[in-house]
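To start, the structure itself, in structure tokens.
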Amino acid sequence: MQRPAWLHVKRLLCLMGRRPDLLCGAIALSCALFVALRFTCSRAKDVIMPAKPPMHFFPTESPVVDLFLGQIDYAEHLRQDSEITLFFLYAPWCAQSIAARKEIEHVANKLADQVLFVAVNCWWHHGKCRKQKSFFYFPVINLYHRSFGPIEYKGPLTAGYIEKFIRRVMSPVLYIPSVEKLKDFLSSLEPGVLGFFEFNASPQPPGYLTFFRSALHSLQKDYIDTIRYGVITCQTLAKEISLSSPGSIYLHRNLNSSLVYPIHEINFTAANICKWALDNRETLLHWIRPHGGKSLLLNNELKKGPALFMFIPFNPLAEEQPLLDEIMELALKYNSCTQSPYTKDLEQEDLDSASLLTLKPFPCCNTVVLPQWHLLSRVHNVCELCVNQSRGVSPRAVTAPNCNFVDIAAALDSFYLKEQFFLNFMSSVRACSDFLSSYSPYFFYTACCQTVSRGLMASTSSQDNASFVLSSQGKVPNKKLSHIVPHIEEKEHVTSSYHLNNDTITGLRCRTNKTLNMYLLDSNLSWMYAERLGASSQEKMFAAIIDLKEEIHYIIDQSQPLIRPTLEVFIQNFSKVYSPLRRHLASEPALSTLGHHLITEVTTTTFHRVVLDSRKDVLLLFYTTWCGFCATLNHIFIRLTQLLATDSLIVARINIAQNDLPWEFMVDRVPTILFFPQNRKENSVKYPEDEQITVPNLLRFILKYATLPSTAADVPASCPMHYLQYKEDHVSYLEREIHRLRAEIDVLHEAQDRLAKHISEAKKDAQNLKVQKQRLEQHNKALEDHKEQLQALNEQKTREVGTMADKIKELVAASESLLAENALLKFLVVSLEAKNKAKVESEMRDNLEDGSGSIPDGTETSEESSELTTTDGSVTLDYSKDNRTD
């Protein structure tokens, strides 16, 4: 076995020696095979190789302690020695973590001497942070104030906002030493909570630590609309806000009554104080900071009603914000429903110190415009409702106006529920009545109504009706009241005799049904929303009003600076019944008109100029970029444009996803085709939805409603040169199309006749099938009856067979017992016969020995035996008969 193998190897070597090329090829093939195996093995080794250890996320010279191996336990150990600690929990692959790394490092370079910055890699699977904590997003920023925490920061990942939040955690409570500081504190945009503690008795008065922890709780609950906490140590200064006893807490509110923490009703704990402040705080302006382009935060706020969005460049670290102060003053005036703007001799006080001064009691008044007396008239009944709270109301400890918006709303509801006589009221004299509010026994309101003409038709309010006064309570009207207060929405028709305050923005929230919610957005972070709303200013200051229910929005005049007077005019124009503001329509930028396009692209700005041109017929396609079927129609409209090359017809399209149109031109589905005939634009026609969009169908549709151009005219000047070939065969092509359509109609008529014949034959066949069906049903019914009879007979035979089977079983059992008895009897007979035979033989021997009487004896014996046998046989027969009988 080994010798032949050696011979083969020797022969192969000899062959390779004679053929060097074969030897080189074998060597090259072996090397290639070796390299392939080596590469494959190395790849397999890399797949199962453990992951490489993580690297430093922050530079080594950075003040941030980078625990890139996820040592969360060591981070907790470091936190014990620092008063303020920031944990930056990141994932090395996270883009937001990478973007926030530079911001965190920038803040750490400024506050490293006061705050400990620790970064922990919470993605390394061998680290303890990954094993102990589970995060759904990165990065996570947590702050600790001594033993309190974590306080998670969820704001913008910019250095300014992060630094401001850290400084708030470092100093959650501000010290108020003077009246000027108190005024600045109360005039701030954010709600304020003040605590009065005396530090003279002890270095840490009772309740101060609880108040301090409550400030940290507020930062932990809400990072956007935070609450400012301040401490007053001077008793004289505390009396300015009605705080007399140490340990009391005051919540400042600009519009509603300020509150004092009810120590005897609620436990004095940090969580309770924070909850009490958050539940009762008053926020006039809401900061909105969406996380991204798909945030639902704006949608949730827009559902609450019309909203005024103001985009301003906000610097969180700036000490003064002049524009923000103006907006705050505007919001305060707009929401000041406790002061009637029409009250005589009422001086306008400084808003910053309004809460510190004692205001004289005054009623809460609101002007209401009731429905028109008649549909044909142009007069309204104007009523002034004034809420009086002097009945049964004791003075409050906190000085504040004696009414609020809730009281006015209750009076309005009660007035509409109770007072029905003023609905059809017609008089130029004021009629006043007092009503008790159904919402509270301590409140009542006075309603004074009078008919006011809007200036269009004043005949109904003539002097003839001056003496006609109605009052539901039958009281005599007060003739001393010589003027009325019309609604703010009717101010353009008010005569000079009416007393109006120049500050028309004050209390406008409660004097109109178009109540606005005000929101602030940082234009440095959310300018993309302003651009989508229509902003074009380079200074990044913009304002817009959005009404989600009406699906409209208005933008401010961007040629004017965004200051308080401009905003006031913008809000007043929106609040009017017939608002002069025009709905803003979003539009794509105008396309360049270089060259000639077969299909005209229409935008919002060019819609009226192109589509509503009375000299031309326009076929308009509504489409969107996300509509896949719309893209397949391009070649159809291109072919249609080539066939109908004329100046009198324009084929256009508009992208309704990027261009807003007036309501009368909007559609509810895409693609939609509308035809606007010339000189009859109001008679626009919609292409049938159930008809297939093809070139012949579109031609029929256009020829049916369009004004056909003259074919004898010269080529239009706007027609391109490469379309001149369509001039000669344009009419012939249409004629061929008409002849082809007529031929198709004839073929369809013939097919219709053949189809009618087939239908008649089918009806006959259907009638025959119906008759056959009835016969089959009758036969089937007869078969069913026969089947039932056979089933009954089968059941009867089955019962009989069962009975016979039972009887056969009984006979078999009886026969078996008889066979056993017969066998026993046969055995007895055989034994008896054997005995008789032996006895006879013995007697015969005895007789033979005696020599006499042998034969007679034998005969007798045989007779006896026969008798015995016969007797036994009879007995046997009798016994067997008895057995059968049994």
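The values are calculated or read from the model by the stated rules, or taken from the named source; none is laboratory data. The structure presented is a predicted model; accordingly, all values stated were derived computationally and were not measured. For neighbour counting, all protein chains shown are included, and Cβ atoms are generated from backbone atoms with ideal geometry for every residue, glycine included. All accessible areas refer to the heavy atoms of the entire protein, side chains included, with ligands and DNA or RNA removed. Shrake-Rupley method; radii C 1.70, N 1.55, O 1.52, S 1.80 Å.
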Kindly list, by first and then second residue, each pair from a residue in the stretch 539-551 that is in contact (Cβ under 8 Å) with a residue 40 or more places away in the chain to a residue that is aliphatic (A, V, I, L, M) and open to solvent by less than 20 Å² (accessible area, probe 1.4 Å), limited to pairs with Cβ atoms under 6 Å and residues at least 6 apart or on different chains. Met541/Ile312; Met541/Leu562; Phe542/Ala530; Phe542/Ala535; Ala543/Met310; Ala543/Ile556; Ile545/Leu308; Ile546/Ala307
Residue check: is Phe138 open to solvent by 20 Å² or more (accessible area, probe 1.4 Å), among the aromatic types (Phe, Trp, Tyr) and either modelled with pLDDT under 90 or within 30 Å of Trp93 (Cβ to Cβ) (or both)? yes
Checked pairs for the stretch 830-847, first free of Cβ contacts under 8 Å to residues at least 40 places away in the same chain, second exposed (fewer than 11 other Cβ atoms within 10 Å of the Cβ), C-beta under 8 Å and 6 or more apart or across chains, list as Asn847/Gly853
Of (1) part of a helix (DSSP H, G or I); (2) surrounded by 14 or more Cβ atoms within 10 Å (Cβ to Cβ), His77 fails just (2)
Going by the conditions given, is Ala95 more than 38 Å from the chain's Cα centre (by Cα) and either open to solvent by 40 Å² or more (accessible area, probe 1.4 Å) or touching a residue at least 40 places away in the same chain (Cβ under 8 Å) (or both)? no
For the stretch 558-579, how many residues are more than 20 Å from Thr504 (Cα to Cα) and touching a residue at least 12 places away in the same chain (Cβ under 8 Å)? 2
Complete set of residues in the stretch 658-684 that are without any contact (Cβ under 8 Å) to a residue 12 or more places away in the chain and not basic (Lys, Arg): Trp663, Glu664, Met666, Asp668, Glu682, Asn683, Ser684
In the set Ile673, Ile656, the lone residue that is of a type in the set (Val, Ile, Thr) and either modelled with pLDDT under 90 or loosely packed, with under 14 Cβ neighbours inside 10 Å (or both) is Ile656
Here the residues within the stretch 116-133 that are buried (at least 22 other Cβ atoms within 10 Å of the Cβ) and either in a loop (DSSP other than H, G, I, E, B) or of a type in the set (S, T, N, Q) (or both) are Asn121, Cys122
Here are some residues: Thr672, Thr606, Thr625. Which one is more than 29 Å from the chain's Cα centre (by Cα) and among the hydroxyl-bearing types (Ser, Thr, Tyr)? Thr606
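Identify all residues within the stretch 35-53 that are assigned to a helix (DSSP H, G or I) and at pLDDT 75 or above; write none if there are none. Write out each step before concluding.
Of the stretch 35-53, the ones assigned to a helix (DSSP H, G or I) are 35-47.
Matches in the stretch 35-53: Val35 only.
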Sole miss for Tyr223 among (1) touching a residue at least 60 places away in the same chain (Cβ under 8 Å); (2) more than 26 Å from Ile162 (Cβ to Cβ) is condition (2)
Out of all the residues in the stretch 168-189, which are within 44 Å of the chain's Cα centre (by Cα) and either under 23 Å from Lys221 (Cα atoms) or of a type in the set (Gly, Ala, Ser) (or both)? Arg168, Val169, Met170, Ser171, Pro172, Val173, Leu174, Phe185, Leu186, Ser187, Ser188, Leu189
Residues (among the hydrophobic types (A, V, I, L, M, F, W, C), more than 18 Å from Pro262 (Cα to Cα) and open to solvent by less than 30 Å² (accessible area, probe 1.4 Å)) located in the stretch 201-223: Leu216, Leu219
What do you reckon, is Asn335 more than 32 Å from the chain's Cα centre (by Cα), modelled with pLDDT of 85 or more and of a type outside the set (Ser, Thr, Tyr)? no
Just to be sure I understand, how many residues within the stretch 744-771 are polar (S, T, N, Q) and open to solvent by less than 100 Å² (accessible area, probe 1.4 Å)? 2
Screening Leu525, Leu521, Leu581, Leu562 for residues that are at pLDDT 85 or above, assigned to a helix (DSSP H, G or I) and of a type in the set (A, V, I, L, M) leaves only Leu525
Could you count how many residues in the stretch 103-115 are open to solvent by 10 Å² or more (accessible area, probe 1.4 Å) and either aliphatic (A, V, I, L, M) or more than 35 Å from the chain's Cα centre (by Cα) (or both)? 7
